[in-house]
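Beneath this line is the structure, given in structure tokens, with notes to follow.
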Amino acid sequence: MKKFLWQVEPDWTNGITEILEWKTDILQSYSGAEQRIARRLSPRRTFEFSILINGNERTRFENRLAYVGGNSWYFPIFTDVTYLEKDVDLNATVLPCSTLGRDFVVGNKVLIKSEINNCNQSALLEVAAVNDYSITLVNPIKTRFNAGACIYPVRLAVLTDVPELTRYNDDLLSAQIRFRISEHNAFSNDISYLPVYRHFPVLTTHPDWSESLKGRYERFLIELDNNSSIPTRLDTARLPFFVQEFRWFVTERNEQVELRKLFYYLNGCQKCIWVSSQSTDFNVISVDGRVIDVESVGFNEIGLIPGRKDVVITLCNGDAIYRRIEKVAAISDEIERLLLNDSINVNAADILSVSFLTLCRLDNDSVNWEHVTDADGLANITCSFRGIRDELESI
């Protein structure tokens, strides 16, 4: 069947939601030990958005929807739009534009449009080569395009659901659209920009606090109840498993590219990363090499347990020091003393906060990426991290 180009622009009032969905088999024992097996080479990628159209654009949309239905479309990745940097003439084979962080792939299609809502002056072309600041085409273009023309990477995609059309009158309609990409969704997983502590990377970004963040301490509980006597509850792992919500508000393409690399590294729930509690867990009184005195918070009462041994010491100048607590003792009712695995050469006044570090994986294989604008602008991403037993993780 002939494949049509999806030409309807999204209604950006509510943005575009991109969903990245990996698949991980998690074999978990009662002790909390895990074996995690990735089942996909790359995540499934879905785009959800609304449309609002009228006139000939509406009629063209309905004609193509009736014909194509659930078969494949050429779907432009609207969030990865770039722009023609200078005029290109008839028979040109090179499009001067920035491709950094965008989904242009050799052998795939590219869409160039003179205006966002102009379906007549557009071209769907095949990519021969991709450089940082240009795209080389297999065949020359057959019309002239001026600087500022929109250029979109194109992927084969299918509608996951039949859109329900809402008609406001005889000409205006809206619909909620959901496309799933039907191709391999490869992306770099290079996170060399992150520091490494005890063989695993550390998440250094701070969450967006515009809304409250939720957290909890999960347990492995089994309850035995014969409906006659008092129920018996077993905590099989005898350990807490820290679950922390995390929210990003990113404002430019470089930030979005680095964050996407991080999620591709984590590969859903498979790989792990050190995550801070995002709280001030200790208030430092004094520092003497490996020994730091802090205000009493009852840490001596619980002792050293997995997930609450490692700390990040954030300094007032923005630097971070990562250490493991080896011993804890109560000096008085107001002071507790921590012995670190290595000395720190700072004064107590230089320390902004001390927070627990927990080795975590994603709590879910699905990540929702809410694009407020295209990826040169704003995006909201929310996920949850779940603590694991770091002493049982293989390097």
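The values are calculated or read from the model by the stated rules, or taken from the named source; none is laboratory data. Predicted model only: the values in this text are computed from it and were never measured. No Cβ is skipped: glycine too gets one built from the backbone with ideal geometry, and neighbour counts run over all protein chains shown.
Observations, loosely collected:
- Residues (out of contact with any Lys or Arg (no Cβ under 6 Å at 6 or more places or on another chain) and either free of Cβ contacts under 8 Å to residues at least 60 places away in the same chain or β-branched (Val, Ile, Thr) (or both)) located in region 166-197: 166, 167, 168, 169, 170, 177, 192, 196
- Among the residues of region 310-324, those that are buried (at least 19 other Cβ atoms within 10 Å of the Cβ) and under 19 Å from residue 240 (Cα atoms) comprise 310, 311.
- Region 170-207: number of residues that are over 22 Å from residue 244 (Cβ atoms), β-branched (Val, Ile, Thr) and within 20 Å of the chain's Cα centre (by Cα): 1
- Checking each residue in region 248-284 for being of a type in the set (Asp, Glu) and surrounded by 21 or more Cβ atoms within 10 Å (Cβ to Cβ) picks out no residue at all.
- Test: residue in region 346-366 that is of a type in the set (A, V, I, L, M), part of a loop (DSSP other than H, G, I, E, B) and modelled with pLDDT under 95: yes
- Residue 210 falls short on exactly one of the conditions (1) more than 29 Å from residue 39 (Cα to Cα); (2) assigned to a strand (DSSP E or B), and that condition is (2).
- Residue 87 being in the same structural domain as residue 136 (by TED's automatic domain parsing) and under 23 Å from residue 370 (Cβ atoms): no
- Subset of region 18-39 [basic (Lys, Arg) and touching a residue at least 24 places away in the same chain (Cβ under 8 Å)]: 23, 36
- Qualifying residue in region 92-99 (condition: within 24 Å of the chain's Cα centre (by Cα), within 22 Å of residue 17 (Cα to Cα) and outside the structural domain of residue 372 (by TED's automatic domain parsing)): yes
- Here the condition is being in contact with a Cys (Cβ under 9 Å, 6 or more places away or on another chain) and surrounded by fewer than 16 Cβ atoms within 10 Å (Cβ to Cβ); of 188, 192, 210, 134, it holds for 134 alone.
- Within region 327-341, the set of residues being out of contact with any Lys or Arg (no Cβ under 6 Å at 6 or more places or on another chain) and within 12 Å of residue 292 (Cβ to Cβ) comprises 327, 328, 335, 336, 337, 338.
- Options 50, 42; residue that is closer than 30 Å to residue 394 by Cα, out of contact with any Gly (no Cβ under 9 Å at 6 or more places or on another chain), of a type in the set (S, T, N, Q) and not assigned by TED's automatic domain parsing to the domain that holds residue 222: 42
- Looking across 190, 235, one residue alone is acidic (Asp, Glu) and modelled with pLDDT of 90 or more. It is 190.
- Every test in (1) within 19 Å of the chain's Cα centre (by Cα); (2) of a type in the set (S, T, N, Q); (3) exposed (fewer than 14 other Cβ atoms within 10 Å of the Cβ) is passed by residue 368 save one, and that test is (3).
- Scanning region 286-301 for residues that are of a type in the set (S, T, N, Q), more than 13 Å from residue 325 (Cα to Cα) and either at pLDDT below 90 or not in a strand (DSSP E or B) (or both) yields one hit, 296.
- With respect to (1) surrounded by 16 or more Cβ atoms within 10 Å (Cβ to Cβ); (2) more than 26 Å from the chain's Cα centre (by Cα); (3) of a type outside the set (Lys, Arg); (4) under 17 Å from residue 186 (Cα atoms), the lone exception for residue 122 is condition (4).
- Check on residue 91, assigned to a helix (DSSP H, G or I) and more than 15 Å from residue 177 (Cβ to Cβ): no
- Checking residue 50 against (1) loosely packed, with under 15 Cβ neighbours inside 10 Å; (2) over 27 Å from residue 135 (Cβ atoms); (3) modelled with pLDDT of 90 or more, the condition it does not meet: (1)
- Every test in (1) closer than 20 Å to residue 93 by Cβ; (2) modelled with pLDDT under 95; (3) not basic (Lys, Arg) is passed by residue 117 save one, and that test is (1).
- If you check 67, 30 for being within 30 Å of residue 389 (Cβ to Cβ) and of a type outside the set (Val, Ile, Thr), only one passes: 30.
- The set of residues in region 229-273 being assigned to a strand (DSSP E or B), charged (D, E, K, R) and more than 22 Å from residue 207 (Cα to Cα) consists of 233, 235.
- None of 152, 74, 83 is among the aromatic types (Phe, Trp, Tyr) and in contact with a helix residue (DSSP H, G or I) (Cβ under 8 Å, 6 or more places away or on another chain) except 152.
- Note on region 65-97: residues that are out of contact with any Lys or Arg (no Cβ under 7 Å at 6 or more places or on another chain), under 25 Å from residue 184 (Cα atoms) and buried (at least 17 other Cβ atoms within 10 Å of the Cβ) total 8.
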